[in-house]
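Since the structure comes first, as structure tokens, the remarks are kept for the end.
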Amino acid sequence: MGIIAGKTVIITGASSGIGEATAIRLAESGAAVALAARRTDRLDTLVAAIESRGGKAMAVATDVTRRADLDALVTHAVARFGTVDVLVNNAGIMPLSRLDLLDVDGWDRTIDTNIKGVLYAIAAVLPGMKAQRSGHIISISSVAGHRINGGSAVYAATKHAVRVISEALRQEVTADGIRTTIISPGATQTELFDKLTDPAAQRRLASAAEIALPADTVARAIAYAIGEPAEVDINEILIRPQAQES
Ligand code: NDP
């Protein structure tokens, strides 16, 4: 993992779950991490924990649904650490419910966070990465980006969109020395399940929560993609708990 050391990595959604685990793992491997989310109290605690172990970290209050927040995040990260080598597009929400429940506000929030948030972050880092002729954009999709289930329409649509955007981006930036990676986790132990409000969705995902992988399992996959040499691009990783059938 020597190639992780010295890199600056922006992680969106770093206040819990996969983003938090990734921040800890990458900082322990010698990366400087710029941590973005809305819950700044959680980010501040994480920065203090990383710094107490000798790591480099900063927190930036960021709502990924606001483009200006992503631009400011990159400006702050460059001001503090000099450059941005890696973006981990991880912030996401999953307010699952059947379409006929008409949670239109939830659809809007899911699209704004999971698709537009990813695009805004790409927009914020891409000019700098092209100018420096290197970079790595990692986007967290999901098994729901590969499979479609009733009750997951909008979430699955956003996670399919993440894969589409990342693959098109890959083709566009190969000549610029920029790598792109899609990470598609199956069930992972995070707050995502706790935030479900629809009882049918809670019932449907209860068994998935029981077999869910630790968030650090996904963080290891992210670290693997970053740690490979510059001429190697890990385009896509799909990770399920061994016991997850669908
Ligand atoms: P968590 O709920 O633990 O983490 C989600 C993170 O996203 C939080 O840090 C949250 O921070 C952040 N976030 C949400 N909305 C915004 C916003 N508008 N602006 C900035 N940050 C935001 O869940 P996970 O760790 O599981 O989720 C991380 C990613 O992994 C998501 O994209 C999710 O879809 C994906 N995933 C998760 C799976 C699982 O089983 N857990 C499986 C497959 C994919 P805050 O609220 O502080 O802003």
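The values are calculated or read from the model by the stated rules, or taken from the named source; none is laboratory data. Worth saying up front: this structure is predicted, and the values here are computed from it rather than measured. We place every Cβ from the backbone using ideal geometry, glycine too, and count neighbours over all the protein chains shown. Please note that ligands, DNA and RNA were not included when accessible areas were found on the heavy atoms of the full protein model with its side chains. Shrake-Rupley method; radii C 1.70, N 1.55, O 1.52, S 1.80 Å.
Give the value in nm², to one decimal: projected area of the alpha carbon convex hull of segment 92-221, averaged over all directions. Spell out each step's value before the answer.
Working: hull surface 32.5 nm².
Over all viewing directions, segment 92-221 projects a mean Cα-hull area of 8.1 nm².
Under 24 Å between alpha carbons, and skipping anything fewer than 8 positions from Lys7 in its own chain: which lysines qualify?
Here the lysines satisfying the reach criterion relative to Lys7 are Lys56, Lys130.
Give the accessible area for Lys56 in Å² (nearest 10); use a 1.4 Å probe, count only protein heavy atoms, and leave out ligands, DNA and RNA.
The accessible area comes out at roughly 130 Å².
Run a plain Debye calculation on segment 8-236 (Cα atoms as equal point scatterers, no solvent) and give log10 I(q)/I(0) at q = 0.09, 0.11, 0.17 Å⁻¹, rounded to two decimals, same order as the q list.
Results for segment 8-236 at q = 0.09, 0.11, 0.17 Å⁻¹ read -0.34, -0.51, -1.24.
Less than 14 Å Cβ to Cβ from Val232, Lys/Arg counted +1 and Asp/Glu -1: what total charge do the surrounding residues give?
Here the charged neighbours net out to -2.
Stretch Arg39-Ala200 to full length: gain in nm at 0.36 nm per residue minus the Cα-Cα span?
Answer, rounded to one decimal: 55.2 nm.
222 nm [θ] for the chain, helices only, -39500 (n - 2.57) per DSSP H run of 4+, per residue, to 500?
So the helix-based figure for the chain works out to -14500 deg cm²/dmol.
In nm, to one decimal, how far is the modelled label at Leu238 from the one at Arg109, with both set 7 Å along Cα→Cβ?
About 3.0 nm, to one decimal.
Once you put a point 7 Å from the Cα of Ile211 and another 7 Å from the Cα of Ala230, both along the Cβ direction, what distance in nm separates them?
Inter-label distance under the simple model: 4.2 nm.
Would you please give the FRET efficiency between Arg98 and Thr75, computed as 1/(1 + (r/R0)^6) with r the Cβ-Cβ distance and R0 = 35 Å, to the nearest 0.05?
Calculated value: 0.25.
For the chain, what does the accessible surface come to per residue with a 1.4 Å probe? Please give it in Å².
I get 45 Å² per residue for the chain.
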